[in-house]
1. Which lysines, on any chain, are close to LYS85 with Cα under 20 Å apart, when same-chain ones fewer than 8 places away are left out?
2. Per residue of the stretch 44-52, in order, report the coupling 6.51 cos²θ - 1.76 cosθ + 1.60 (Karplus, θ = phi - 60°) as ³J(HN,Hα) in whole Hz, putting x for Gly and Pro.
3. Starting from the Cα-Cα distance between ALA104 and GLU63, subtract it from 0.36 nm times their residue separation and give me the gain in nm to one decimal.
4. Using a Cα-Cα cut-off of under 18 Å, which lysines could be cross-linked to LYS68, ignoring same-chain neighbours fewer than 8 residues away?
5. From the backbone phi of the stretch 64-71, what are the Karplus-calculated ³J(HN,Hα) couplings (6.51 cos²θ - 1.76 cosθ + 1.60, θ = phi - 60°) in whole Hz, Gly and Pro given as x?
Amino acid sequence: MNEADTNPNTMDSGPIPDANTNQAEEAPRKSVADVIGDALKRGKSDASEAAKQAAPKIKNAVEKGTFKLAYGAAFGAGFGLAILKELVPQTVKDGVAAGAQAGANAADKAFTPSENAADQATEVPATVIV
């Protein structure tokens, strides 16, 4: 028994290779294009696997962010309107309501064809001679 057999810190790496054999010559050589192609295939595979693992986490984060954004917008609008309703004097409220009604009436009038619309379309404008 030698020291390597009794010492747990020494590792037996197996038989020592013959100095006359070249291990690189035993394996067939690949071209640079083959090596690059293999690397690209492995990279694509690794990226695809990583994307499959990351997609649910990203989707969850986007969903949470969208919910919080929608909630914040709705809360801000509702809270703001409730505060304004309490703080704004009644005369301002009446003015806003009357203005909104007048605007709606004007829009209806602008987009509703009048009875004289056909006559106005065929009427030749008068020319002014100076």
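Every read-out reported here was derived from the displayed coordinates using simple, explicitly stated rules and does not represent laboratory data. The shown structure was predicted, so the numbers you read here are calculated from the model rather than taken from an experiment.
1. Straight-line reach from LYS85, under 20 Å: LYS93.
2. 4, 5, 5, 5, 4, 5, 5, 5, 4
3. On the way: separation 41, 0.36 × 41 = 14.76 nm, distance 3.79 nm.
Computed gain between ALA104 and GLU63 is 11.0 nm.
4. Correct list for LYS68: LYS57, LYS59.
5. Listing the rounded values in order: 5, x, 5, 4, 5, 5, 5, 4 Hz.
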